[in-house]
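Engineer: Sending over a structure as structure tokens; questions will come in a sec.
The values are calculated or read from the model by the stated rules, or taken from the named source; none is laboratory data. These figures come from a predicted structure and were not determined experimentally. We place every Cβ from the backbone using ideal geometry, glycine too, and count neighbours over all the protein chains shown.
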Amino acid sequence: MSFFTDVSTEMIYPLLPVFLASVLGANASFIGAIEGVAETTASLLKLVSGWWSDKVGSRKRLVVIGYGIASIVRPFTATARSATQVLFIRLTDRIGKGIRTSPRDALLADSAPATARGRSFGFHAAADNAGAVVGPLLAFLFLKLQGVGSFESSRHLLPHDERALRNVFWLSAVPALIAMVVLIIVVRDVPKRDAGEKEAATSVTDIGGRLTKRFWAYLVVILLFTLGNSTDAFLLLRANQLGVPIALAPILWALLNFVKSATGTYGGGLSDTLGRKPLIVAGWLLYSAVYFAFGWATAAWQAWVLFAVYGIFYGATEGTEKALVADIVPQTRRGSAFGWYNLAIGLGALPASLIFGAIWDRLGAPSAFVFGATLALMAALLMVFVAPSPVRESK
């Protein structure tokens, strides 16, 4: 289900910055605002939906609603005639994501044994990212079939190319439909093990109760890192600045997600044996190094190398960060814990993208990337002193 959803999403996402900038006339600051507002709104809903899934004891119902909203609205990007309309579509898409994400993560944590939790989250991320490989490749194929590829930058976008982009956005509805069929027919809630656990879940009323100091300290560090982790749309814009043609943007995006998919299961599994913190710290240090390099890169080939290395950062941290959340909270509070985790990321996403875009517009891309790299380095150093330990599994 996550695989096909990402096929749909990533047919659009790598083309969206170019579509906004060249077709609809949006600047870097507005592109950052679109992503920041969308992700922050989604994160507020992730908190509520996660808490509600703890309270009612059912995850799947909210997951179906969330995926359904996003699957319906996403292809309508093809109809947008202004950047404001894209903002509305993207916001509605992210509302669906906000409803589904925390219950889905809690469902995955409920389904996985504690000894393989990192590997389970890593495998889910790998499947997610495999869809993000196929999606851009399909977009590239459809663009080539429509004769797109003669231009070298957004300044040379022709009316025919605009129509081709909109056609790709419409075609993203097909994998989204497949994902919904799989979700409705195949995915199941994890049965409650006993009546006592069900009673504990339904008695949840305090959205922040029974979450430990270890958990809150971890969230503070996550928030600091997120403030330097702006939308990856800026990486695509930077790649175009360095000479990567727009027609190759889906291939560049597919390369990133191929590396993420190839390393995700291994990175999560490694955290089961080495511990969560070493993988997170190493991943954040790698992120800092890649952002510094993006700031001072001068050639198109460097963008390709940096996108590949950037994928390793995701492989090391994407599943590991979520596994650590599941480790340090009681089972009956996992929905709420994932809600707070996603909220912290969302609260940082809006200022991160706005600040990054503003620095880019005023001081240039190198200064913006140095800003992101510096905050990531600070978060990695702080994580060394935050060592949450797992709580005993609820019975």
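Engineer: Would you check if LEU270 is surrounded by 18 or more Cβ atoms within 10 Å (Cβ to Cβ), out of contact with any Gly (no Cβ under 6 Å at 6 or more places or on another chain) and in a helix (DSSP H, G or I)?
Structural biologist: In short, yes.
Engineer: Could I ask something else about it? I'd like to know if the range 257-266 contains one or more residues that are part of a helix (DSSP H, G or I), of a type in the set (Lys, Arg) and buried (at least 23 other Cβ atoms within 10 Å of the Cβ).
Structural biologist: So far as the range 257-266 goes, yes, one or more of its residues are part of a helix (DSSP H, G or I), of a type in the set (Lys, Arg) and buried (at least 23 other Cβ atoms within 10 Å of the Cβ).
Engineer: If we keep just the residues of the range 333-374 that are more than 28 Å from ILE99 (Cα to Cα), surrounded by 24 or more Cβ atoms within 10 Å (Cβ to Cβ) and of a type in the set (Phe, Trp, Tyr), which is modelled with the highest pLDDT?
Structural biologist: Looking at residues that are more than 28 Å from ILE99 (Cα to Cα), surrounded by 24 or more Cβ atoms within 10 Å (Cβ to Cβ) and of a type in the set (Phe, Trp, Tyr), I get PHE369.
Engineer: Answer yes or no as to whether SER29 is out of contact with any helix residue (DSSP H, G or I) (no Cβ under 7 Å at 6 or more places or on another chain), surrounded by fewer than 24 Cβ atoms within 10 Å (Cβ to Cβ) and in contact (Cβ under 8 Å) with a residue 40 or more places away in the chain.
Structural biologist: no
Engineer: If you don't mind, there's one more thing I want to ask. Look at ALA289 and say whether it is out of contact with any His (no Cβ under 8 Å at 6 or more places or on another chain), modelled with pLDDT of 90 or more and within 30 Å of PRO366 (Cα to Cα).
Structural biologist: So ALA289 fits the description; yes.
Engineer: Can you give me the ranges of the helices (runs of 4 or more DSSP H) entirely in the range 147-234 with at least 1 residues that are surrounded by fewer than 16 Cβ atoms within 10 Å (Cβ to Cβ), of a type in the set (Ser, Thr, Tyr) and modelled with pLDDT of 90 or more?
Structural biologist: Per the criteria, no element qualifies.
Engineer: If I filter the range 27-37 for residues that are under 23 Å from LEU138 (Cβ atoms) and modelled with pLDDT under 85, do I get at least one hit?
Structural biologist: yes
Engineer: Restrict the check to the range 278-301 and report whether at least one residue is of a type in the set (Val, Ile, Thr), in contact with a Lys or Arg (Cβ under 9 Å, 6 or more places away or on another chain) and crowded, with 23+ Cβ neighbours inside 10 Å.
Structural biologist: Within the range 278-301, not a single residue is of a type in the set (Val, Ile, Thr), in contact with a Lys or Arg (Cβ under 9 Å, 6 or more places away or on another chain) and crowded, with 23+ Cβ neighbours inside 10 Å.
Engineer: Checking ILE359 against (1) β-branched (Val, Ile, Thr); (2) within 25 Å of ALA116 (Cα to Cα); (3) more than 22 Å from the chain's Cα centre (by Cα), which single condition isn't satisfied?
Structural biologist: (2)
Engineer: Same structure, new question: If GLY98 satisfies all but one of (1) part of a loop (DSSP other than H, G, I, E, B); (2) modelled with pLDDT of 85 or more, what's the number of the condition it fails?
Structural biologist: Failing condition for GLY98: (1).
Engineer: Could you identify the single residue in VAL281, VAL290 that is within 23 Å of GLY118 (Cβ to Cβ) and in contact with a Leu (Cβ under 8 Å, 6 or more places away or on another chain)?
Structural biologist: VAL290
Engineer: Looking only at residues in the range 289-301 that are assigned to a helix (DSSP H, G or I) and touching a Gly at 6+ places or on another chain (Cβ under 8 Å), which one is farthest from VAL370 (Cα to Cα)?
Structural biologist: ALA300
Engineer: Among the residues of the range 101-120, how many are farther than 29 Å from LEU171 by Cα and in a helix (DSSP H, G or I)?
Structural biologist: 13
Engineer: Could I ask something else about it? Report, by residue number, each residue of the range 326-358 that is more than 15 Å from ALA217 (Cα to Cα) and charged (D, E, K, R).
Structural biologist: Correct list: ARG333, ARG334.
Engineer: Restricting to the range 57-94, and then to whatever is closer than 17 Å to LEU108 by Cα and in contact (Cβ under 8 Å) with a residue 60 or more places away in the chain, can you tell me which residue is surrounded by the most Cβ atoms within 10 Å (Cβ to Cβ)?
Structural biologist: ARG59
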